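In what follows, a single structure is set out as structure tokens and then discussed.
What follows draws every value from the coordinates through simple rules; no lab data is involved. Nothing here was measured: the structure is a model prediction, and the numbers come from that model. Using ideal geometry, Cβ is built from the backbone for each residue, glycine included, and neighbour counts are taken over all protein chains shown.
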Amino acid sequence: MTSVVSYDIQDGIAVISIDNPPVNALSQPVRAELQLLARKASDEAAVQAIVVACAGRTFVAGADIREFGKPPVEPLLPDVINALEAIPKPTVAALHGTALGGGLELALGCHYRVATAKARFALSEVTLGLLPGAGGTQRLPRLVSFETAIEMITTGKQIGAKEAAALGLVDLVTDATDVTAAAIAFAKDLVKDGKGPRPVSALDVTRHDPSVFDTARAKLSKTRAGQLAPLACVDALEAAAKLPFAEGLSAERKLFRKMMETDQRSALIHAFFSERKVAKLPDLEGVDPRNVAQIGVVGGGTMGAGIATSALLAGLNVTLIERDTESAERAHQTVARTLEGSVKRGKIDRATFETLMSERFRAESDYAALSETDLVIEAVFESMEVKKDVFTQLDRICKPGAVLASNTSYLDINEIAQVTSRPQDVIGLHFFSPAHVMKLLEVVVADQTSPVVTATGFALAKTMRKIAVRAGVCDGFIGNRILSHYRKAVDGTVLAGASPFAVDRALREFGLAMGPFAVSDLAGLDIGWATRKRLAPTRDPRETYTEFADRICEAGRFGRKTGRGFYIYGEGGPTPDPEVDVIIAEERKAKGITPRKLGDGEIVDRFMAAMVNEAARVVAEGIARRPLDVDVVLLNGYGFPRWRGGPMHYADAVGPAKILEDIQRFAKEDAFLWQPAPLLEKLASEGKLFSSLND
Ligand code: T1G
């Protein structure tokens, strides 16, 4: 087997370098060789100091996540790090790229740390449902305050080299491109100055108020309700405060093993790997995308300006077209305002802002400005006629080979493509609002879209740091189609007897950031109302779940923007509107429904059964390639709780058979609303899981 760790001595400095592409994860072979070579360097008389470095694009990005869920194999990372720390010679970590999780723990096990200016650091284990399990919770609070340690470990957020140095996590930030050379020079100075080992574990924990832990727990019970790992992180940090290092390490290990066994860890790892696997499509193997450097955006409203901003932040040049110079100027100001926000949040500096606005972005009113663009994204009003007119002009103006994309959220891309002479170059790129924040991008592939254009859509997503999911053409593609069905079920739940406010509360406790009725108020009830009116001519007459919502709209109550919808938006925040309950009671009476009590459990079961059932149809029809694609969409575009892994992962956790039983039970009350999807019935009858369709 090729070695994954190299060893070299340069002027008395042993350089141990890990080379385990792509991110130098601490797999078992790496741990074993690292342990062996650290011992060798410790024993060799010629070695006066040791540098631990990495080849490739980054220092260690953590333990090897692919080993999770399997029995741990010796040597365990905490033991490797403790042995390294105990070496009676100074050890220096050479840090570049992203030192994350076990990577940062390995660095903390070294006596000194040298980092490039662009290096970034995090104990990111909590994002995977874990806590640092190799001494991170015990060493970090020996260098930084407990408040900082709690914030870093319970959020998993990354910090830059400068901040790390200011916190005392890094001893030297170098502008040198070769951080290993810088670390070797640093080690030589240590030897010259007679500086020896400086084990972090020998330090006392920083001074703190013992109440810091309960304060953190109280905050997490609100901000991370239902999540186990953040609380385990606090428990491990409290152990660091109360116990000697060795005992604190044991407490950490016990908590780590407990979190490793949770469904939440399994769900978060599923989410992590699914977001990488979703872009791996056999039909795109070996298909080279077209180069995209100049993009056009048609439409400078919320979506168009958001897409333009996102593309500018990703390093692309953007030409935005509006219908006249006045609208173009307004769009220019909208983009400037949004980028000002990026400056305020430290995402870009002022110089970058000026360059973007003066050299990389222009807003025009003449389509001729798009003649040299490589890809154009249409983001105009959601009307097929308006879009057809835009694509007719794009077809006339844009150069051969330019990709013509629509940002439509539900309209038929095939119909749009037909008005052009180049349907093979037409695709859907459905961004989510706000487009410069939301990571999800549905790449909607029409019947004649060429593989090269699809590959170009995925490449653009990577450039824009979006998560692209391939979708087929149907009303609502993947996310909005599933949304429309679980919204129907939620309305049916209200008619059956639950108040909208009880539904929102139950689903918030399930893990949604906001309940569906609060979300509707936020988005604007008139939007759903307009969609219902658009679909009315084709709607099944048995579909009568939304009259109460229509009546609220007829009263001009559109939610937050009018101060009243399902909730009343006053000074003290949203409060349930009692008049909504009256409207609902009247609707139930008009339909002859005798309301019954529905507990939170049934509210969640109905919500999830509807979501999984429609998702099963979406997968069976090929609108989504795999169940994991649905998970990625719902996690990244619809606020599904990440620590539940997505609706299909949740369905596997409770079992497709249980979902089917729920649907069959609800169908006794409303056979129209609850019609089992054939794929769900098939999996349930065969005792198989949705994950069996993920390969
Ligand atoms: N283990 C195994 N594979 C990993 C990996 C890891 N830690 N990190 C990334 N990969 C794979 C990934 O699946 C993909 O594979 C390829 O590398 C490129 O990744 C003991 C227990 C490092 C910022 O949380 O955040 O340490 O698709 O597409 O966008 O206490 O990967 O090519 O086959 O994401 O440039 C803690 C997780 C682990 C870091 C790079 N570590 N990784 O982002 O590339 S738990 C993390 C990332 C731990 C200790 C505990 C990102 C990245 P493929 P990529 P990228």
Full extension from Lys195 to Glu669: what is 0.36 nm times the residue separation minus their Cα-Cα distance, to one decimal in nm? 162.9 nm
Note down the nm distance, to one decimal, between modelled labels 7 Å out along Cα→Cβ at Leu535 and at Asp19. 5.7
Exactly which chymotrypsin sites (Phe, Trp or Tyr not before Pro) in segment 410-485 are in a DSSP loop and have at most 11 other Cβ atoms within 10 Å? none
Work from the charge dipole of segment 17-101 (Cβ charges, +1 for Lys and Arg, -1 for Asp and Glu, about the Cα centre) and give the residue of Pro29, His96, Gly69 farthest towards its positive end. His96
Can you pull the three principal axis extents for the Cα set of segment 292-471, in Å, largest first? 44, 33, 26
So if I take the alpha carbon set of segment 161-223, get Rg, then get Rh from the Kirkwood formula, what is the Rg over Rh ratio? 1.17
Compactness ratio of segment 479-693: Cα Rg over 2.2 N^0.38 Å, N = residue count? 1.01
What residues have an amide H closer than 5 Å to that of Thr98, excluding those fewer than 5 places away on the same chain, when H is modeled at 1.01 Å from N in the peptide plane? Phe59, Arg120
What list of ³J(HN,Hα) couplings, whole Hz, do you get for segment 228-235 from phi and the Karplus terms 6.51, -1.76, 1.60, once you set θ to phi - 60° and write x for glycine and proline? 8, 4, x, 5, 5, 4, 5, 4
Considering only Cα-Cα distances, which of the following residue pairs are longer than 22 Å: Lys89/Lys188; Lys591/Lys658; Lys258/Lys439; Lys280/Lys466? Lys591/Lys658; Lys258/Lys439
The chain - share of DSSP beta bridges that are antiparallel (%, nearest 5): 30
With the contact rule set at Cα under 8 Å and sequence spacing of 6 or more, what percent relative contact order holds for segment 86-176? 32
Please list log₁₀ I(q)/I(0) at q = 0.08, 0.09 Å⁻¹ for the chain, using the Debye equation with identical point scatterers on the alpha-carbon positions. -0.74, -0.92
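Go ahead and estimate [θ] at 222 nm for the chain from helices alone: -39,500 (n - 2.57) per DSSP H run with n ≥ 4, summed, over the residue count, rounded to 500.
Working: 28 runs with 325 residues, N = 695.
So the helix-based figure for the chain works out to -14500 deg cm²/dmol.
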Note, ³J(HN,Hα) from phi for segment 416-425, Karplus 6.51, -1.76, 1.60, rounded to Hz, x at Gly and Pro: 5, 4, 5, 7, 10, 8, 9, x, 5, 9
Tilt, helix 245-260 to longest principal axis of the chain (alpha-carbon atoms), in degrees rounded to tens, equals 30
Principal-axis tilt of helix 384-397 within the chain, Cα atoms, nearest 10 degrees: 60
Return the sequence-ordered ³J(HN,Hα) values of segment 442-448 in whole Hz as given by the Karplus equation 6.51 cos²θ - 1.76 cosθ + 1.60 applied to θ = phi - 60°, using x for Gly and Pro. 7, 9, 8, 9, 7, 4, 9
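Step by step: find N for segment 205-335, compute 2.2 N^0.38 Å, then divide the Cα radius of gyration by it. What's the final number?
1.77
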Taking amide H atoms as placed 1.01 Å from N in the peptide plane, list the residues 5 or more away in sequence, or in a different chain, whose amide H sits under 5 Å from that of Val444. Gly428, Leu429, His430, Ala471
Under 8 Å for C-alpha pairs, at least 6 residues apart: give me the relative contact order for segment 567-685, rounded to a whole percent. 22
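To the nearest 20 debye, what charge dipole does segment 292-471 have about its Cα centre, counting +1 at the Cβ of each Lys and Arg and -1 at the Cβ of each Asp and Glu? Please list the in-between numbers first.
Values: 19 positive and 22 negative charges, 168 e Å.
Roughly 800 debye for segment 292-471.
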The chain: relative contact order as a whole-number percent, Cα under 8 Å and 6+ apart: 9
Folded to 0 to 90 degrees: helix 212-223 orientation relative to the chain principal axis, Cα: 20
When the label point is put 7 Å from the Cα of Phe353 along its Cα-to-beta-carbon vector, which residues of segment 286-312 have a backbone N closer than 20 Å? 305-312
Which value in nm describes the separation of the simple spin-label points at Asp175 and Ser691, placed 7 Å from the Cα toward the beta carbon? 5.0
Among Thr352, Pro400, Ala241, whose Cα lies farthest out toward the positive end of the dipole of the chain, if unit charges sit on the beta carbon of Lys, Arg (+1) and Asp, Glu (-1)? Ala241
Charged-residue dipole, Cβ positions (Lys, Arg, Asp, Glu), the chain about Cα centre, Debye nearest 20: 800
Taking amide H positions as placed 1.01 Å from N in the peptide plane, with prolines and chain starts having none, which residues 5 or more places from Arg564, or on another chain, fall under 5 Å of its amide H? Phe558, Gly559, Tyr569
Residue separation times 0.36 nm, minus the C-alpha to C-alpha distance between Thr392 and Glu326: what's the value? 21.4 nm
Options Tyr486, Ile659, Leu598, ranked by Cα towards positive dipole end of the chain, top entry (Cβ charges): Leu598
Taking each pair of distinct Cα atoms in segment 5-261 once, what is the resulting Kirkwood hydrodynamic radius in Å? 18.1
